[in-house]
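Taking it in order: structure first as structure tokens, then the write-up.
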Amino acid sequence: LTDLERRQDRSPVPSGWDYAPAPEARDIVTLEERYGLYIGGELVEPRSGEYFRTLDPSREEPLAEVAQSGKEDVDLAVRAARDAFENGWSDISPAERAKYLFRIARILQERSREFAVLESLNGGKPIRESRDVDLPLTAAHFFYYAGWADKLEYAFPNRRPKPIGVAGQIIPWNFPLLMLAWKVAPALAAGNTVVLKPAETTPLSALLFADVLRQAELPPGVVNIITGDGRTGAELVKNEGVDKIAFTGSTEVGKAIQRELAGTGKKLTLELGGKAANIIFDDAALDQAVEGIVNGIYFNQGHVCCAGSRLLVQESIYEPVIEKLKQRLRTLRVGDPLDKNTDVGAINSREQLDKIKELVASGEEEGAEIYQPPCRLPEKGYWFVPTVFTNVAQSYRVAQEEIFGPVLSVLTFRTPDEAVEKANNTPYGLSAGVWTEKGSRILSIAQRLRAGVIWANTYNRFDPTSPFGGYKESGFGREGGLHGLEPYLDFDDSETRGE
Amino acid sequence: MAKAPALPTGFELPLEPRIPRIGSVDQVAVEERAATLARRSIKREAKLFALDLAVRIMDLTTLEGQDTPGKIAALASKAIRPDPSDPGIPSVAALCVYPNLVPAALEKVKGSSVKVASVATAFPSGQSPTHIKVAEVRDVVEMGADEVDMVIDRGAFLSGRYAKVYDEIVQVKEASGKAHLKVILEVGELGTYDNVRRASLLAMAAGADFIKTSTGKLPAAATLPVTLVMLEAIRDVYQETGRKVGMKPAGGIRQAKQAVQYLVQLYETLGAEWLTPDLYRIGASTLLNDVLMQIRKEKTGSYQSPDYFTID
């Protein structure tokens, strides 16, 4: 019986359960030491001769050098795009255009692990998200718009849709590849050519995408990729050969672009910041609503323009919601973006981290109560603990300004009218969330919210068939869905108007 | 959860002991959350920890018309010493049998840590008069069963007679005496997550020590989302009253990988405190060998033939 006794003597379960590291292998990605520009179907050295380093934000280690495009480089890229537009791309049959888009979509699917790892390396986002969200959606966007390419006449009956020409596209660093897809896929489907500028801090997936274009045998010059900082973007906006600018990024830069383009006749769509209200009514399914709150603000470290950064909770359920939320925060796993169990990764850049810290400090100063779960952060790299502010007044900066980080501000309301009033009381109008078991309330509240995207009993869900875009200072124009084609088309409806 | 709002009318629940807001469950979101948790990647020492725990929390079960004392004897020695070639493997938590086999089971597990659980209350349908169910429970407790697994009256529940369900659990609890009471909701017959949540709260309010998903007699048995719904109800009761109620998913858990997923879900919902056979069990008849096989694989680095593991 000694053996038996020993078995019974086993000490009870240890107090915790440490998951062993589960890193995704990064050797699937082969990085060059230095990247040029993708112009006219070739990788070329920048005329500017300048390069800058791009980092792995989770380790603060350089990954590669990329080119800083100057005016001359932008000119070259735009000329290549113009050439491609006039000498072939706008004339080939729409079904042929679709074929290229389908090819790109399939290649992206085949190489999705490689792209997911690179996206996490260069951007800091958890591999779980780049693998399960960014990459599937990226491929889905190309598949979706491939389907429209030869059906434009049916999409816009009697309006004679025609491509615009050369589209200059400037994308942000929060979803580098997905934003590329949102921009490039509809532009090509509509028959345009493209000059794309990826964000300064996350250029690598766009440069790898150039290899996908090579594989897909896309004619040279149809898509050109130029890297650089804000100066490159400004050159692209100013360039006279560009017919349309599509920008996703901060409201501040968006306003500057709009001023620059005023009177030029260039078309413009802007997808800018947000300060979305996520409204929880007292009859909501609470545990799932708490998941929605977490997904709304901590998804992608809160680097999401449509993040549910203002939580509006009905006062009667304030305590249980906050208690559940704090509990849930304690289970979030912050750390190595390449670990398959990581929920919250690294902040994208030092600059962004400083901005988050500055706003969080202002929240504490103004009198909000801060909660941060106990959390071991890596020593190197840019990190910020998931944060909740309670006791927030509508006038605090943390309730007004876009933080673009894992920071939630909690406000309360008593009645549906008050919820709508508070939700709309912001210069932004990109998105909102409504949580209630009552269908009629979802409809009535959604009608009164001034936001481009409204989620009911879910949050941060995207689909290529669904248009996305803002009201007020969150921008104009829609991406995704049928609506997403319109900004890339000119219409000749004179006949139908009887002119 | 200090201020639980009043209960909706038409829902007969006693106010003492207090139970949390009944609320509701969003099907899409709860299934998504369960799926996300199931994708955790558990490796090496963390996996070994989970597999070892899976053995210690297992209710090794046989509930067949053809069960005999001989079968029970074989299962009992497996329960005590699951892998005779590896003394590091712990005993399972309990042996779960029909009432008639309780004496045989008790006899065989004597001197070990393995408990004997008996199903009762007209298992699996529960479609018998209450006094017969209560009498059955008295009998198995008298025979010496450590734990009683009862079924709720789904007929009463689905026709809205919640008080009948409640009263019956109260009576069974009383009849169980010192034996631990596990209340089987038979989630496969409840139809919605909302019903699973209500039945969970009802059972806990009536005095259940454990709530359990299924009898194992239906094709629709334990699933990750349904177990998550029950864990969240347990968490709410704990928040509200400080009482810790145990959880037992049963039916359909046949692979070690699934067991690890259930434990991850438990750990990330209720925390490390619940990682004990006192508060969590997995009811299974064929899971054990797969777990043993995985443990040996983790320890030796290679898979071995199933013939090296006894079929009992």
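The values are calculated or read from the model by the stated rules, or taken from the named source; none is laboratory data. The structure presented is a predicted model; accordingly, all values stated were derived computationally and were not measured. Cβ coordinates were reconstructed from backbone atoms using ideal geometry, including for glycine residues, and neighbour counts include every protein chain displayed.
Values as computed for the structure displayed
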quantity: Breaking point among (1) in a strand (DSSP E or B); (2) crowded, with 22+ Cβ neighbours inside 10 Å, for A:Gly429; calculated: (1)
quantity: Number of the exception - B:Ser91 against (1) surrounded by 22 or more Cβ atoms within 10 Å (Cβ to Cβ); (2) in contact with a Pro (Cβ under 8 Å, 6 or more places away or on another chain); (3) away from every other protein chain (no Cβ under 14 Å); calculated: (3)
quantity: Those residues of segment A:309-322 which are modelled with pLDDT of 95 or more and farther than 18 Å from A:Glu418 by Cβ, in sequence order; calculated: A:Ser309, A:Ile322
quantity: Scope segment A:377-398; condition over 21 Å from A:Ile293 (Cα atoms) and either touching a strand residue (DSSP E or B) at 6+ places or on another chain (Cβ under 6 Å) or surrounded by 16 or more Cβ atoms within 10 Å (Cβ to Cβ) (or both); matching residues; calculated: A:Gly381, A:Tyr382
quantity: Residue match in segment B:60-67 (condition: of a type outside the set (Val, Ile, Thr), over 24 Å from B:Leu181 (Cα atoms), at pLDDT 95 or above and in contact with an Asp or Glu (Cβ under 7 Å, 6 or more places away or on another chain)); calculated: no
quantity: Filtered residues of segment A:254-290 (kept if closer than 19 Å to A:Leu443 by Cβ and over 26 Å from the mean Cα position of the chain (by Cα)); calculated: A:Phe281, A:Asp282, A:Asp283, A:Ala284, A:Ala285
quantity: Criterion: touching a helix residue (DSSP H, G or I) at 6+ places or on another chain (Cβ under 9 Å) and among the aromatic types (Phe, Trp, Tyr) - qualifying residue of A:Phe476, A:Phe491, A:Phe468; calculated: A:Phe468
quantity: Condition check for B:Leu60: aliphatic (A, V, I, L, M) and assigned to a strand (DSSP E or B); calculated: yes
quantity: So B:Leu270, is it within 14 Å of chain A (Cβ to nearest Cβ), touching a helix residue (DSSP H, G or I) at 6+ places or on another chain (Cβ under 8 Å), surrounded by fewer than 24 Cβ atoms within 10 Å (Cβ to Cβ) and of a type in the set (A, V, I, L, M, F, W, C); calculated: yes
quantity: Of all residues in segment A:300-326 being closer than 17 Å to A:Leu430 by Cα and either assigned to a helix (DSSP H, G or I) or small (Gly, Ala, Ser) (or both), the one that is farthest from the other protein chains (Cβ to nearest Cβ); calculated: A:Ser309
quantity: Check on B:Lys299, modelled with pLDDT under 95 and closer than 22 Å to A:Tyr19 by Cβ; calculated: yes
quantity: Meets criteria (surrounded by 17 or more Cβ atoms within 10 Å (Cβ to Cβ) and part of a strand (DSSP E or B)) for A:Val420; calculated: no
quantity: Residue in segment A:141-150 that is more than 25 Å from A:Pro198 (Cβ to Cβ), modelled with pLDDT of 95 or more and part of a helix (DSSP H, G or I) present; calculated: yes
quantity: Given (1) more than 19 Å from B:Arg56 (Cβ to Cβ); (2) touching a helix residue (DSSP H, G or I) at 6+ places or on another chain (Cβ under 8 Å); (3) buried (at least 20 other Cβ atoms within 10 Å of the Cβ), number of the condition B:Asp290 does not satisfy; calculated: (1)
quantity: Total residues in segment B:62-76, condition hydroxyl-bearing (Ser, Thr, Tyr) and buried (at least 16 other Cβ atoms within 10 Å of the Cβ); calculated: 1
quantity: B:Leu13 vs. criteria assigned to a loop (DSSP other than H, G, I, E, B), more than 10 Å from chain A (Cβ to nearest Cβ) and at pLDDT 95 or above; calculated: no
quantity: Matching residues, segment B:234-248, being in a helix (DSSP H, G or I) and either more than 9 Å from every other protein chain (Cβ to nearest Cβ) or modelled with pLDDT under 90 (or both); calculated: B:Ile234, B:Val237, B:Tyr238, B:Gln239, B:Glu240, B:Thr241
quantity: Residue match in segment A:327-340 (condition: touching a residue at least 60 places away in the same chain (Cβ under 8 Å), in contact with a strand residue (DSSP E or B) (Cβ under 7 Å, 6 or more places away or on another chain), more than 10 Å from chain B (Cβ to nearest Cβ) and among the β-branched types (Val, Ile, Thr)); calculated: no
quantity: Some residue of segment A:361-376 being surrounded by 17 or more Cβ atoms within 10 Å (Cβ to Cβ), in contact with a Gly (Cβ under 7 Å, 6 or more places away or on another chain) and hydrophobic (A, V, I, L, M, F, W, C); calculated: no
quantity: Odd one out for A:Asn425 among (1) farther than 26 Å from A:Phe476 by Cβ; (2) of a type outside the set (Gly, Ala, Ser); (3) within 26 Å of the chain's Cα centre (by Cα); calculated: (1)
quantity: Residue match in segment B:27-37 (condition: surrounded by 18 or more Cβ atoms within 10 Å (Cβ to Cβ), at the interface with another protein chain (Cβ under 9 Å from one of its Cβ atoms), of a type in the set (A, V, I, L, M) and in contact with a Gly (Cβ under 9 Å, 6 or more places away or on another chain)); calculated: yes
quantity: Selection from segment B:88-110 of residues that are outside any helix (DSSP H, G or I) and either in contact with a Lys or Arg (Cβ under 8 Å, 6 or more places away or on another chain) or aromatic (Phe, Trp, Tyr) (or both); calculated: B:Ile89, B:Pro90, B:Ser91, B:Val92, B:Ala93, B:Ala94, B:Leu95, B:Tyr98
quantity: Residue match in segment A:22-31 (condition: assigned to a loop (DSSP other than H, G, I, E, B), surrounded by 11 or more Cβ atoms within 10 Å (Cβ to Cβ), facing chain B (nearest Cβ under 8 Å) and at pLDDT 95 or above); calculated: yes
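Residues checked against (1) more than 12 Å from every other protein chain (Cβ to nearest Cβ); (2) not polar (S, T, N, Q):
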{"site": "B:Ala46", "(1), (2)": "no, yes"}
{"site": "B:Ala50", "(1), (2)": "no, yes"}
{"site": "B:Val55", "(1), (2)": "no, yes"}
{"site": "B:Leu60", "(1), (2)": "yes, yes"}
{"site": "B:Gly65", "(1), (2)": "yes, yes"}
{"site": "B:Thr68", "(1), (2)": "yes, no"}
{"site": "B:Ala73", "(1), (2)": "yes, yes"}
{"site": "B:Ala76", "(1), (2)": "yes, yes"}
{"site": "B:Pro82", "(1), (2)": "no, yes"}
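So that you can scan it fast, the table gives a plain yes or no per residue for (1) part of a helix (DSSP H, G or I); (2) surrounded by fewer than 17 Cβ atoms within 10 Å (Cβ to Cβ); (3) modelled with pLDDT of 95 or more:
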{"position": "A:Gly49", "(1), (2), (3)": "no, yes, yes"}
{"position": "A:Val66", "(1), (2), (3)": "no, no, yes"}
{"position": "A:Leu76", "(1), (2), (3)": "yes, no, yes"}
{"position": "A:Arg82", "(1), (2), (3)": "yes, no, yes"}
{"position": "A:Asp91", "(1), (2), (3)": "no, yes, no"}
{"position": "A:Ala98", "(1), (2), (3)": "yes, no, yes"}
{"position": "A:Leu101", "(1), (2), (3)": "yes, no, yes"}
{"position": "A:Gln109", "(1), (2), (3)": "yes, yes, yes"}
{"position": "A:Glu119", "(1), (2), (3)": "yes, no, yes"}
